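K.L.:
Mind having a look at this structure? Questions to follow.
The values are calculated or read from the model by the stated rules, or taken from the named source; none is laboratory data. In this text the structure is predicted, and so the values were computed from the model without any measurement. Cβ placement follows ideal geometry from the backbone for every residue including glycine, while neighbour counts extend to all protein chains displayed.
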Amino acid sequence: MLQLDSVTTGYGRVSVVFDVCLEVPDGQLVAVLGNNGAGKTTLLRAVMGLLPVRSGSIVFDGTDITKMTTNKRVRNGISYVPQGQQSFGQLTARENLLLVAARHGTAGARRMAEALDLFPALRELLGRRAGLLSGGQRQQLAIARALITGPRLMVLDEPTEGIQPNVVAEIQAAISAMMSDSGISVLMVEQHVGYALKTASAFTVLASGRVVSTGTGGADAVVQAREAMAL
Ligand SMILES: Nc1ncnc2c1ncn2[C@@H]1O[C@H](COP(=O)(O)OP(=O)(O)OP(=O)(O)O)[C@@H](O)[C@H]1O
Ligand SMILES: [Mg+2]
């Protein structure tokens, strides 16, 4: 579904991510792990076309998207939920969702209903301004909004950062449900190794912008990933 081949990217003339190779197979979740400042967000921004790729290539569903604009990537089926639960704080939760749904006609309305099925708690909060929602509720709103574009690949940056454990479990369940119900593939950045590897089929650990460990999911993976992050 997504293939990164030796991707180097960064800010201005300074590279902060070097030679990253990574693959997200169709229908699978791949986790990118690493400590603060490792380059995880930078890598996702390059996947979305928000930062230029200095060398290497990105292929999505057989198409080279390395130089494609962000809008076109979204139209092709990649949806991005940035770090930090961003929404339009002055608008209600409903208005935040409708902003996206309106651009997608009847499919948008249908997918908005499906997204709310995935996050039933949001239904009760539709009239509330997004700025007044809790962090966990805002994260659910951000994922719901991203789903309305009808993605085949979801790119999630630390969806559980700063969120209490019971809401983390809800978000995890919703991610699993969107994968099983809609066949969506996921590229997810996480710092909670145990949580990330519950649903991941593979993981990549970044340190100082480089891949320092890779592996498949499962119980051994947690030990392997934690050791790589402790180096
Ligand atoms: N806009 C920017 N301009 C220049 N350097 C930046 C910019 N944003 C991030 N960096 C640098 O790039 C490196 C990687 O940052 P990045 O945000 O990708 O890390 P991260 O792994 O997502 O960290 P965190 O877990 O804290 O979110 C850091 O050294 C950071 O200081
Ligand atoms: Mg980050």
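K.L.:
Could you run through the stretch 1-12 and say how many residues are near ligand 1 (Cβ under 10 Å from one of its atoms), outside any strand (DSSP E or B) and touching a strand residue (DSSP E or B) at 6+ places or on another chain (Cβ under 7 Å)?
P.N.:
Result for the stretch 1-12: 0.
K.L.:
If you don't mind, there's one more thing I want to ask. In the stretch 51-88, which residues are within 25 Å of L126 (Cα to Cα), touching a helix residue (DSSP H, G or I) at 6+ places or on another chain (Cβ under 6 Å) and part of a strand (DSSP E or B)?
P.N.:
Matches in the stretch 51-88: S79, V81.
K.L.:
Just one of N36, N96 is outside any strand (DSSP E or B), within 16 Å of ligand 2 (Cβ to nearest atom) and either touching a helix residue (DSSP H, G or I) at 6+ places or on another chain (Cβ under 7 Å) or at pLDDT below 95 (or both); which is it?
P.N.:
N36
K.L.:
Related question: Name the pairs whose Cβ atoms lie under 9 Å apart, with the first residue in the stretch 22-35 and within 18 Å of D5 (Cβ to Cβ), the second of a type in the set (K, R) and more than 16 Å from ligand 2 (Cβ to nearest atom), and 6 or more positions between them or separate chains?
P.N.:
That search, which allows pairs on different chains as well, returns D26/R152.
K.L.:
Then there's this: Would you be able to say whether some residue in the stretch 82-89 is touching a strand residue (DSSP E or B) at 6+ places or on another chain (Cβ under 6 Å), modelled with pLDDT under 95 and surrounded by 14 or more Cβ atoms within 10 Å (Cβ to Cβ)?
P.N.:
yes
K.L.:
Within the stretch 13-42, which residues are away from ligand 1 (no atom under 16 Å from the Cβ), surrounded by fewer than 22 Cβ atoms within 10 Å (Cβ to Cβ) and within 17 Å of the chain's Cα centre (by Cα)?
P.N.:
Within the stretch 13-42, E23, P25, D26, G27, Q28 meet the criteria.
K.L.:
Of all residues in the stretch 139-183 being farther than 24 Å from A102 by Cβ and within 16 Å of ligand 1 (Cβ to nearest atom), which is surrounded by the most Cβ atoms within 10 Å (Cβ to Cβ)?
P.N.:
Result: P159.
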